[in-house]
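The values are calculated or read from the model by the stated rules, or taken from the named source; none is laboratory data. Predicted, not measured: the structure shown is a model, and the values here were computed from it. We place every Cβ from the backbone using ideal geometry, glycine too, and count neighbours over all the protein chains shown. In case anyone asks, the SASA skips ligands and DNA or RNA and just uses the protein heavy atoms, side chains included. Shrake-Rupley method; radii C 1.70, N 1.55, O 1.52, S 1.80 Å.
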Amino acid sequence: MGSFVLHGNIIDSESPERLRVAADSYLVCEEGRCTGVFSALPERFSGLPLTDFGDRLILPGMTDLHLHAPQFAFRGLGMDLELLDWLNARTFPEEAKYADLSYAALAYGQFVDCLRRSATTRAVVFGTVHPAATTLLMELLEASGLVSYVGKVNMDRDCPDALREADAAASLAATEQWLASARFVHTKPILTPRFVPSCSDALLQGLGELAARRGLPVQSHLSENYSEIAWIRELCPRSKNYGDAYAQFDLFGGRYPCIMAHCVHSNEDEQALMKENGVFIAHSPESNM
């Protein structure tokens, strides 16, 4: 986050509809912030270190609003399975391995190294239920130079024993423990109830109160799969829709940022609630396909 100059063909977004191209130009950063783009380097910046990228393109980094770090190890596998079967067959067995910090260090190290070398410079990331492994993930991301939000997952029901937290109180205590260690400059915490089926009402209530007390953002999943939505109707008969199952516990935007992943089958009422509360949607097109 220093002061420097880059030379090349610089592209950015002038508006959501229009790209701006500055060929053979100089991008100046001072103390980590962009000062401007110049066709010729002003004399006052001549003392800054300059990296010449020649005829290559320089563009802003991409932002990924929804990443599961522990799923990196089996990416591309199990694409023949529907969501709930896939969770039980692939995801939950892999996430249970992160109780072992040596395994977490190896797997998360590979994930962060790949992310660091990609076009993504900002990311919002799911960890697992394990506080120590999630803090380790945050340490690796902080050292990488990327900017991120990372969440320790909460689950106290309807998941394998190896991942199920004892109860809402235990899950909230583990979250508080993790938050106490999650003090970084460029890597910040985000509350992460995995999804409504894996969180009891007491846990959702506690997370909503924690979000309000600390002003923390929230991430979770919404309306990804028809079987999942049908399950929500059984678990939450009082809710008008899946989004309302979060909103009842103050976990659906409004006072603080909220990201909901997928939203493939959100009906008009749910979309209206998202718009009213300013909920961000992470579409995840490859996953949704």
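Here are some notes:
Conditions tested, residue by residue: (1) under 15 Å from the mean Cα position of the chain (by Cα); (2) outside any helix (DSSP H, G or I).
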position: Y246; (1), (2): no, no
position: F249; (1), (2): no, yes
position: F252; (1), (2): no, yes
position: R255; (1), (2): no, yes
position: I259; (1), (2): yes, yes
position: Q271; (1), (2): no, no
position: E276; (1), (2): no, no
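- Strands (runs of 3 or more DSSP E) fully within segment 122-222 counting 1 or more residues that are open to solvent by 20 Å² or more (accessible area, probe 1.4 Å) and either within 25 Å of S287 (Cβ to Cβ) or in contact with a helix residue (DSSP H, G or I) (Cβ under 8 Å, 6 or more places away or on another chain) (or both): 147-151, 187-189
Okay, residues lined up against (1) among the polar types (S, T, N, Q); (2) free of Cβ contacts under 8 Å to residues at least 12 places away in the same chain; (3) out of contact with any His (no Cβ under 6 Å at 6 or more places or on another chain); (4) within 17 Å of F195 (Cα to Cα):
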site: D85; (1), (2), (3), (4): no, yes, yes, yes
site: T91; (1), (2), (3), (4): yes, no, yes, yes
site: R117; (1), (2), (3), (4): no, yes, yes, no
site: P131; (1), (2), (3), (4): no, no, yes, no
site: T134; (1), (2), (3), (4): yes, no, yes, no
site: V147; (1), (2), (3), (4): no, no, no, no
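- Enumeration of residues in segment 47-71 that are open to solvent by less than 40 Å² (accessible area, probe 1.4 Å) and at negative phi: I58, G61, H66, L67, H68, A69, P70, Q71
- Segment 3-31, residues that are in contact (Cβ under 8 Å) with a residue 40 or more places away in the chain and either closer than 12 Å to R56 by Cα or surrounded by 17 or more Cβ atoms within 10 Å (Cβ to Cβ) (or both): V5, L6, H7, G8, N9, I10, I11
- Contact annotation: residue pairs with Cβ atoms under 9 Å, 6 or more positions apart or on different chains, pairing a residue in segment 40-67 that is closer than 30 Å to I281 by Cα with a partner that is aromatic (F, W, Y), are L65/F280; H66/F126; L67/F111; L67/F126.
- Residue selection: A272 fails the criterion of being open to solvent by less than 20 Å² (accessible area, probe 1.4 Å) and farther than 18 Å from F126 by Cα.
- Comparison of A230, A282 shows that the only residue that is under 18 Å from the mean Cα position of the chain (by Cα), within 27 Å of D80 (Cβ to Cβ) and of a type in the set (A, V, I, L, M) is A282.
- Candidates R75, R44 - the one that is more than 26 Å from R116 (Cα to Cα) and open to solvent by 70 Å² or more (accessible area, probe 1.4 Å): R44
- Flag if D167 is of a type in the set (D, E), touching a residue at least 12 places away in the same chain (Cβ under 8 Å) and out of contact with any Gly (no Cβ under 8 Å at 6 or more places or on another chain): yes
- Residue that is farthest from V218 (Cα to Cα), among those in segment 279-289 that are outside any helix (DSSP H, G or I) and open to solvent by 40 Å² or more (accessible area, probe 1.4 Å): M289
- If you go through segment 211-251 and keep only what is under 14 Å from S198 (Cβ atoms) and among the small types (G, A, S), you end up with S220, A245.
- If only residues of segment 233-243 that are more than 16 Å from A202 (Cα to Cα) and not in a loop (DSSP other than H, G, I, E, B) are counted, the one that is most open to solvent (accessible area, probe 1.4 Å) is R233.
- Tabulated pairs, segment 191-202, first of a type in the set (A, V, I, L, M), second part of a strand (DSSP E or B) and crowded, with 19+ Cβ neighbours inside 10 Å, C-beta under 6 angstrom, 6+ apart or interchain: L191/V218
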